[in-house]
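Below is one structure, written out as structure tokens, with a few remarks after it.
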Amino acid sequence: MESEQYLAANLRRAVAEDPRTAELGVRITVRGGHVMLSGDVACEERRALVEEVLHEAAPELKILNDVRVTPAGEPHGEEDLR
Amino acid sequence: MIRVAAVGDVHLGEDMRGHLRPALEKVGEHADILLLAGDLTRHGTVEEAAVVADEFADLPVPVVAVLGNHDHHDDKPLEVAKTLEDKGINVLEGTTFTHRANGCSIGIAGVKGFGGGFAGKCGSAFGEREMKAFIQHTCDIAETLKGALSELDTDIKVALTHYAPVPDTLRGEPPEIYPFLGSYLLGEAIDATGTHLAVHGHAHFGTEQGMTPGGVRVRNVAQPIIRSAYAVYVLEGTSS
């Protein structure tokens, strides 16, 4: 059986290198039969794509998708650096 | 007084068209200039660059950008830059942009930057050809940044990069990957040139605030960090 460390490393590469995702900003943690995803992506569709790519790469794992969608609204206030 | 808006790592593609536009159309109410700290696309294709160009076109303030590693992925950085420039976005790579607002002048010097690591924990231009090329790329870029910052004669000088010039703003990232996230050589160039602010992206798990060894403020404006369409910093020049 593939060790969790190698598995997590291979899944990270899959999410970074698969053209559907190209995400380097998603953390992937494998524990037992679970894989937890965390971090931020730009939109809801990309959040689902990360899950899809991971599921194809490791269909036996149960995915906990805690990835958030980055807010893109106007800023609240400003930082005064004077 | 000049208000600088900045964001990096927006990673636009066709699926994101118009996503930032509502906040961008109001950028003039918040700021006098908008800086883009690289990774504007996902795969660096000209098609994605066209989405970026439309998203940031015709804004009420000047838009100044550098490219990031994602914008190089399709090996067409010049075409990507040209696509942005055709819509009025000023793309810097070893070059500068100056602007005047509220009686104050601001100069931006921009480079992509690169990795290598930070003082005491960095790579050297030694050994295999690939390793020497890796470090030499950073050395060349840092030298270019220093030259561009030195040329600026404005009340306020800002360094715009994609990669980080200090480790402070990487806090939250695994320390093992710091050498892929930035280089102290960029910080050294910033400290040698009387720069007021350094703005970068790239580190999605980092932290917003940091400082160079010489006391220059550094801000990581990767969108997952600032959690809005842009962050705004208010600066005052020495002679304004």
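General observations
- Extension reserve of the B:Glu25-B:Phe180 stretch, reckoned as 0.36 nm per residue once the Cα distance is removed: 52.4 nm
- Projecting the Cα positions of A:Gly39, A:Ser3, A:Ala14 onto the charge dipole of chain A (unit charges on Cβ atoms of Lys, Arg, Asp and Glu, taken about the Cα centre) puts A:Ser3 furthest along the positive direction.
- Entry note, chain A: relative contact order of 27 percent, from Cα contacts under 8 Å with a spacing of 6+ residues.
- Mean per-residue shielding of peptide A:65-76 is 6, counting Cβ atoms of other chains within 10 Å of each Cβ.
- Comparing Cα centroids, region B:138-189 and region B:26-100 end up 19 angstrom apart.
- Peptide B:27-40 - average C-beta neighbours from other chains (10 Å radius): 1
- Assuming charge only on the beta carbon of Lys and Arg (+1) and of Asp and Glu (-1), the dipole of chain A about its Cα centre is about 260 debye to the nearest 20.
- A Förster radius of 35 Å, combined with the Cβ-Cβ distance separating A:Ser38 from B:Asp86, puts the computed FRET efficiency at roughly 0.40.
- Per residue, the convex hull volume that the Cα atoms of the protein assembly as shown enclose (Å³): 128
- Using alpha-carbon coordinates, inclination of helix A:44-57 to the longest axis of chain A, degrees: 20
- Three-way shape label, region B:17-157, alpha-carbon gyration tensor, a/c 1.5: oblate
- The rule of thumb for compact globular proteins, 2.2 N^0.38 Å, goes into the C-alpha radius of gyration of chain B 0.94 times.
- Rg/Rg_ref, region B:122-223, where Rg_ref = 2.2 N^0.38 Å and atoms are Cα: 1.06
- Region A:1-38: trypsin sites (Lys or Arg not before Pro) falling in loop per DSSP and having at most 15 other Cβ within 10 Å: A:Arg20
- GluC sites (Glu not before Pro) restricted to region B:58-149 and DSSP loop, no more than 10 other C-beta within 10 Å: B:Glu128
- Protection proxy ranking, highest mean first, for peptides B:158-166, A:53-61, B:174-182, B:191-199: B:158-166, B:191-199, B:174-182, A:53-61, where packing is the per-residue count of other beta-carbon atoms within 10 Å, averaged.
- Rounded to 10°, Cα long-axis angle of helix A:4-17 versus longest principal axis of chain A: 50
- Solvent-free Debye scattering, log10 I(q)/I(0), computed from the Cα coordinates of region B:31-113 at q = 0.11, 0.24 Å⁻¹: -0.27, -1.13
- Relative contact order %, chain B, counting alpha carbon pairs below 8 Å whose residues are six or more apart: 22
- Entries in A:Lys62/B:Lys26; B:Lys121/B:Lys157; A:Lys62/B:Lys121; B:Lys82/B:Lys157; A:Lys62/B:Lys132 that, when Cα-Cα distance is taken, lie over 31 Å: A:Lys62/B:Lys26; A:Lys62/B:Lys121; A:Lys62/B:Lys132
- Ratio of the Cα radius of gyration of chain A to 2.2 N^0.38 Å, where N counts its residues: 1.31
- Residue by residue along B:7-19, Cβ atoms of other protein chains within 10 Å of the local Cβ number 3 on average.
- Sorted peptide list for B:107-118, B:219-230, criterion being average Cβ within 10 angstrom, highest first: B:107-118, B:219-230
Laboratory data are not the source of any read-out in this text; all were calculated from the coordinates shown. Keep in mind that this is a model prediction, so the values were computed, not measured. Neighbour counts are summed over all protein chains in view; Cβ atoms, including those assigned to glycine, are modelled from backbone coordinates with ideal geometry.
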